[in-house]
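Read the structure below first, then the notes.
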Amino acid sequence: MADSKIIKSKYFFEEDFTEELAEVSANKYADWNKKELKVVGKPVSRVDGYDKVSGSAVFTFDVILPNMAHAKTLRCPHPHAKIKRINTKKAEKIPGVLGILTYENAPKISWYGKSFLFDPHLRYEGDEVAFVAAENERIAEQALKLIEVDYEILPFVTDAAEAMKKDAPKLYDDGNIRGGKPSVYERGDIDKGFEEASAVAEQTYKTQVEIHNPTEPHCSVVNWDGDYLTIWDSTQGVFSVRDRVADVLKLPASRVRVIKKYMGGAFGAKLEAGKYTVMAALLARKIGRPVRIALDRREMNLSVGNRPDSVQKLKGGATKDGRLTALYQYSYGAAGAHPAGAGCSWALRTMYLCPNVKTEEYTVYINAGRARPFRAPGHVQGFFALEALIDELAEKIGMDPLEFRIKNHTDRDQVFDAPYTSKLLLDAYRVAAEAIGWKNRPQPAGSDAGPLKRGIGMSSQIWWGGGGPPAYATLKLNRDGSVRIIAGSQDIGTGTYTILAQVASEVLEIPMEKVEVLLGDTAVAPYCGSSGGSTTAPSVSPAVRDAAEQMKAKLLSGAAAHLNVSESQLVYRNGVIHTKGKNKKSMTIREIARKMGERVLVTTGKREANPDGYAINSFGVQFAEVEVDTETGKVSVKKIVAAYDIGRVLNPKTLENQIHGGIIQGLGFALFEERIIDRNTGKVLTTNLHDYKLPTVKDTPQIDIRIVSKGDSKISNTGVKGVGEPAMIPTPAAIGNAVYNAIGKRIKSLPITPDKVLTALQS
Amino acid sequence: MKKINIRFKVNGRQADLNIAPNKRLLDVLRDDLGLTGTKEGCDIGECGACTVVLNGRAVHSCLILAAQANGAEIITVEGLTQNGELHPLQKNFLEHGAVQCGFCIPGMLLSSYALLKENPHPREDDIKEAIAGNLCRCTGYKQIIQAVEAAANENNE
Amino acid sequence: MRYFDYIQPENIKQASESAGRDWRKALLYAGGTDLLGLIKNEVESPAALINLKAIPGLNGIEYSEREGLTIGALVKLSQLSAHEVVREKYSVLEQALKETASPQLRNMGTIGGNLCQRPRCWYFRGDFHCLRKGGDICYAVDGENKYHCVIGGGPCFIVHPSDPAVALLTLDAGVTIASAKGTKRVALKDFFVLPEDDIYRENILQPGEIVTHIHVPPVSEKTVSGYIKFRERGAWDFAVVSVAATLRINGDTIIDGKAAFGGVAPKPWQEEKINQKLKGLSVKPGNFESLSAEVLKEAEPLNQNAFKLPLVRNLLKRLLVQLTAS
């Protein structure tokens, strides 16, 4: 019981591998048989649903503390400038202004590597200039207007291609290309590969900057009790915020508590500690009052992350019989004003069997808000381009695009040369192709009569999302047999509270009503990683199962002691422990709990190690059916069929939410959403939710979800792969290919807006 | 700056306030009355998170000066629950998985509430139209539509 | 939001005096949906708001066969589109109202306010000291101008954002304008102004003048009308372009007709030439095709918005086909 060891754990999180020492469970449990499961895999309603529909859910945005002050941030109105002089005297004199921070009076805290919390060198419109706390937000806003700043306006560059040129205005002394050179990946020999090809397609695809725009703005409420700092934060990672804040304020981690109960969405934009949180903490200490800072929608669109854009020059070669011989990608993307990942080549490197591959990627600094991970960073962009190229190649060799993909299916990860723990993509292709009516798509492309032309397109998908250690969960059994799970993960709206409760309910065979889950509190919960990378369910649910199984063993042991029998004579069923055979004796959990006392009834579960020598990935495919109005250029997505291998489904209801939500975000990226910067002034034009166009209810297609997988027991005791990101990855690519199928013209840049379609149709 | 007196009913209870004229209804609900169920997402009527029902109609509380609500009857998400019982809309939102992060949900509920008051037998298009001014970034909307349909059916039984 | 006084006049005279006394400092407040956004975006910084709500007589919708519709300026968009007469006789108006903004905004916004709303140009609404805000340049000319005007522009290139205004133009609507001095009635086509005439305003209202009523003449039984709004997403967008038409039809002939266009010009746009050609046009797709090709002949698109021309022409053709189908 409770066997564990410490290992070096490595798995993919968002844009990169994490590697850290982790204590892992060595306990082995029987595979769950889907048919026997009573709670896991069932469409259980959200345990946090009541709070959210009744209005009683307190989001960070709603936290009110006694005597709380309200803060606002003065942001740079120019894309590139230096502060020559700043004067806050007039602002300080406004009644109700409590304190102002600028680079002149704030500690010099390093941020973004080469910059600072307050940096007089302002590298984008929206960069932080001053931070004001006042009695209320209105006063703070007034104060911002009275801060006098003398800016030295510098030349700017807001386009990655321009920024890469030698004479471009420089954001950093060592130039605008991150690391000074491209990131290169190579396998095989692409020259040889292209020689072998009987058809070659070469094309440049572009994707735009997308803004996360979660409905709840980024916000924090901070409070000092002496030297003890409590932060309520709208965050995807309470521990990552704690560590950052403790580091920069030079506080022991034990003196920083970060709490997040409910959060109004994030999609990657809330993975890291915000500058505003640290500024609020500094000012709260200075003025001796709690401080609340909530960004407004304009700030959300300027300053807290985005999906970087991409320009992808792709070249692919294939033989006549449909074998890929070479794939090449040259691409660049804008990280914004500070270091961030803008790569997008994993799609091309991993999706299809291809012996000769080369990618060269540049991450470029420009004078605009910095990128952050955004739901499947790199993949959404990468797949749009790759899947278009695959379709073009298929057309060149006269092969059905689906058949071409099937021909280039691989059961091994080609980058790490390892087999996948499971890959049921071929099944996904089959069921989805049938559901969409693939055979009935217009052939050739553009052959539908119009003016409303129908088209069908597809895209495959791969993502990591296997999660891994470290992830821990503590389980406490109360005296009445009810249970509390405590874990340092967080529910960012995906349903983590619910699925973890289901796992404990399943193992202990007690009703969901008896399980409470506490997440998002660094003071009480054992460590879990940030909620991102589609890793939460696959990382944390096994830890909960481990904790619950340990608890079950403990209860059996307690019952054995009390009943004076050996454990082997006992059976655990429906929360009751029986002796075997005749003259049954039994004890309920409640009775054992009373006897044992709560002091004994605590277990901590750990995520087991990922299997050695395997690659863990999720797979899927989406088929999109669109209708293109050739007289207006408008693309309407009629239907999406999504088929996935994502391991075990813990809860079909929350799964459906995730897939629908991902598809709608993908649809928004494909058709509407785009950060637009004025070319002449370098200022962002799309700073509200009218100009930055999120999809509305009227843009939703019919969605048909097929899950082809069962639990993947090679991964973990729950066999789960994450689905949050996979849900979005193939949507824009499938829509792009469907538009081509409808009109016979390829729109090579996203979003596919009516002006582009009309222009393409007229050419 | 002259403060002004206003008086309106929120969730059936009278509220008398002396406020600055530049306060929005949203500010008064959240800050003065502590009704934080009503959310703020964009500040200029583009997201619908702040939707409340005012004199029977769904409106953006971020675009109404509190003074304009003088004499009005207002319902917020907190007013949908009666005697501890969830409103059929709330119950169905919960059961149909219409909720993910939940931040847009109060607004969605109030837009739907206003719809069902006016049109107890909405078609799917009516529902879509009623919540067209409410943005959701998580769910993809389908379960929300289903929840409203189910609540309408329940009401009509 | 900065502080302002809240003035509550009891009649038009008081309202007009308050507004006229302090030009640009005191602003009229009807539904508030546009005004509060303008204040938030710091396009307007009024010292006072004049609440029109308590003024009697601005909330009614009246209809007579002789006078047609008389609509109080404070009638909400949703109230107007639900009105029986509007639904029965003025489809073009009903459709335009229903296509405006979102349900919440239609429940708050007034018809008077809708006609008087400020443009949605992202430079005007954004942090740019543009021509219309008293600055020196129009940023759209060489900037991001996909949504800007293709005709009637210069030196500023906004489009007028109202949907109902486009519909009302085809109905020969007029407005009553009141001030402390008295009232006057103006045809809607003369109500809006182009930037070349006045860069700071979108209509003829002088300080202290208030739109009190909108008048829509009666339509004959043989009239059909409709509105197509084209937007990029399914809801809550201002028109990329829109087309309205009101036609009187006898058999296979359009006896009389008017078309108007939104999203193409700094004011709701009409072309006399097109309306003349509609007169006596026989109902044939070919005719609609050639007529539509004549629309916006004088257009001078900016570098990103030439797509509006085929778009508006295709939509006019589509609307004419739809309206004459039965």
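For region A:471-543, the strands (runs of 3 or more DSSP E) that sit wholly inside it and include 3 or more residues that are not β-branched (Val, Ile, Thr) are A:472-477, A:515-519. Among the residues making up region B:71-97, those that are at pLDDT 95 or above and over 16 Å from A:Lys52 (Cα atoms) are B:Gly71, B:Ala72, B:Glu73, B:Ile74, B:Ile75. In a residue-by-residue description of region C:49-60, the property of being over 24 Å from the mean Cα position of the chain (by Cα) and either farther than 29 Å from C:Gly126 by Cα or more than 14 Å from chain B (Cβ to nearest Cβ) (or both) applies to at least one position.
Within region B:98-109, being under 15 Å from A:Asp48 (Cβ atoms) and without any contact (Cβ under 8 Å) to a residue 60 or more places away in the chain holds for B:Ala98, B:Val99, B:Gln100, B:Cys101, B:Gly102, B:Ile105. Of all residues in region C:274-319, those that are under 21 Å from the mean Cα position of the chain (by Cα) and not in a loop (DSSP other than H, G, I, E, B) total 10.
Under the condition of being hydrophobic (A, V, I, L, M, F, W, C) and in a helix (DSSP H, G or I), the residues counted in region A:592-606 number 3. Taking first residues from region B:78-97 that are under 14 Å from B:Met108 (Cβ atoms) and partners that are aromatic (Phe, Trp, Tyr), the Cβ contacts under 9 Å between residues at least 6 apart in sequence or on separate chains come to B:Leu80/B:Tyr113; B:His87/B:Tyr113; B:Leu89/B:Tyr113; B:Gln90/A:Tyr50; B:Leu94/A:Tyr50. Among all positions in region A:236-251, there is at least one residue which is within 14 Å of another protein chain (Cβ to nearest Cβ), surrounded by 22 or more Cβ atoms within 10 Å (Cβ to Cβ) and in contact (Cβ under 8 Å) with a residue 24 or more places away in the chain. Selection of region B:59-95 for residues being surrounded by 24 or more Cβ atoms within 10 Å (Cβ to Cβ) and in a strand (DSSP E or B) yields B:Val59, B:His60, B:Leu65, B:Ile74.
Where helices (runs of 4 or more DSSP H) fall entirely within region C:1-95, those with at least 2 residues that are touching a Pro at 6+ places or on another chain (Cβ under 8 Å) and under 17 Å from C:Gly208 (Cα atoms) are at C:12-21. Selection of region A:635-654 for residues being buried (at least 24 other Cβ atoms within 10 Å of the Cβ), within 13 Å of another protein chain (Cβ to nearest Cβ) and in contact with a strand residue (DSSP E or B) (Cβ under 9 Å, 6 or more places away or on another chain) yields A:Val635, A:Val637, A:Ile640, A:Ala642.
Taken over region A:146-169, the criterion of being free of Cβ contacts under 8 Å to residues at least 12 places away in the same chain and touching a helix residue (DSSP H, G or I) at 6+ places or on another chain (Cβ under 9 Å) is satisfied by A:Ala168 alone. If you go through region A:671-691 and keep only what is closer than 23 Å to A:Val739 by Cα, more than 7 Å from every other protein chain (Cβ to nearest Cβ) and either surrounded by fewer than 24 Cβ atoms within 10 Å (Cβ to Cβ) or within 18 Å of the chain's Cα centre (by Cα) (or both), you end up with A:Glu673, A:Glu674, A:Arg675.
If the condition is being in a loop (DSSP other than H, G, I, E, B) and crowded, with 24+ Cβ neighbours inside 10 Å, then region C:152-185 contributes C:Gly153, C:Cys156, C:Phe157, C:Ile158, C:Val159, C:His160, C:Ser162, C:Asp163, C:Leu171, C:Ala173. Being touching a His at 6+ places or on another chain (Cβ under 6 Å) and more than 14 Å from chain B (Cβ to nearest Cβ) is a condition met by no residue of region A:16-30. The residues listed here are A:Val24, A:Val44; of these, the one that is at pLDDT 95 or above, surrounded by 19 or more Cβ atoms within 10 Å (Cβ to Cβ) and under 19 Å from A:Arg648 (Cβ atoms) is A:Val44.
Looking only at residues that are surrounded by fewer than 23 Cβ atoms within 10 Å (Cβ to Cβ) and part of a helix (DSSP H, G or I) in region C:96-124, which one is farthest from the other protein chains (Cβ to nearest Cβ)? Among those that are surrounded by fewer than 23 Cβ atoms within 10 Å (Cβ to Cβ) and part of a helix (DSSP H, G or I), it is C:Phe124. Can you find a residue that is over 30 Å from A:Phe669 (Cβ atoms), out of contact with any strand residue (DSSP E or B) (no Cβ under 9 Å at 6 or more places or on another chain) and at pLDDT 95 or above anywhere in region C:201-216? Yes, region C:201-216 contains at least one residue that is over 30 Å from A:Phe669 (Cβ atoms), out of contact with any strand residue (DSSP E or B) (no Cβ under 9 Å at 6 or more places or on another chain) and at pLDDT 95 or above. Just give me the residues in region A:396-428 being of a type in the set (Asp, Glu) and either free of Cβ contacts under 8 Å to residues at least 12 places away in the same chain or assigned to a loop (DSSP other than H, G, I, E, B) (or both), in sequence order. The answer is A:Asp400, A:Asp411, A:Asp417. I'd like the residue in region A:655-664 that is of a type outside the set (Val, Ile, Thr) and more than 7 Å from chain B (Cβ to nearest Cβ) and, out of all such residues, is farthest from A:Lys714 (Cα to Cα). Residue satisfying both the conditions and the ranking: A:Gly662. In region B:117-132, which residues are assigned to a loop (DSSP other than H, G, I, E, B), in contact (Cβ under 8 Å) with a residue 12 or more places away in the chain and more than 20 Å from A:Lys52 (Cβ to Cβ)? B:Pro120, B:His121, B:Pro122 - these are the residues of region B:117-132 that are assigned to a loop (DSSP other than H, G, I, E, B), in contact (Cβ under 8 Å) with a residue 12 or more places away in the chain and more than 20 Å from A:Lys52 (Cβ to Cβ).
The residue that is farthest from the other protein chains (Cβ to nearest Cβ), counting only those in region A:729-763 that are outside any loop (DSSP other than H, G, I, E, B) and among the charged types (D, E, K, R), is A:Lys756. Among the candidates A:Val53, A:Val97, A:Val44, A:Val58, the residue that is of a type in the set (Val, Ile, Thr) and more than 30 Å from A:Ile293 (Cα to Cα) is uniquely A:Val44. When region A:149-166 is limited to residues that are more than 29 Å from the chain's Cα centre (by Cα) and among the hydrophobic types (A, V, I, L, M, F, W, C), the one that is nearest to A:Val209 (Cα to Cα) turns out to be A:Phe156. Residue pairs whose Cβ atoms lie under 6 Å apart, separated by 6 or more positions or on different chains, with the first residue in region A:78-105 and surrounded by fewer than 20 Cβ atoms within 10 Å (Cβ to Cβ) and the second aromatic (Phe, Trp, Tyr) and part of a loop (DSSP other than H, G, I, E, B), are A:Tyr103/A:Phe118. One residue is enough: does region A:191-214 have a residue meeting the conditions crowded, with 19+ Cβ neighbours inside 10 Å, in a helix (DSSP H, G or I), touching a residue at least 24 places away in the same chain (Cβ under 8 Å) and away from chain B (no Cβ under 13 Å)? Yes, some residue in region A:191-214 is crowded, with 19+ Cβ neighbours inside 10 Å, in a helix (DSSP H, G or I), touching a residue at least 24 places away in the same chain (Cβ under 8 Å) and away from chain B (no Cβ under 13 Å). Looking across C:Ala54, C:Ala47, one residue alone is of a type outside the set (Val, Ile, Thr), exposed (fewer than 15 other Cβ atoms within 10 Å of the Cβ), within 26 Å of A:Gln142 (Cβ to Cβ) and modelled with pLDDT of 90 or more. It is C:Ala47. If the condition is being out of contact with any Leu (no Cβ under 9 Å at 6 or more places or on another chain) and of a type in the set (A, V, I, L, M), then region A:141-163 contributes A:Leu146, A:Ile153, A:Ala160, A:Ala161.
The values are calculated or read from the model by the stated rules, or taken from the named source; none is laboratory data. Just so it is clear, the structure is predicted and the values come from calculations on it, not from any experiment. Note that each Cβ is placed from the backbone with ideal geometry, even for glycine, and that neighbours are counted across all protein chains shown.
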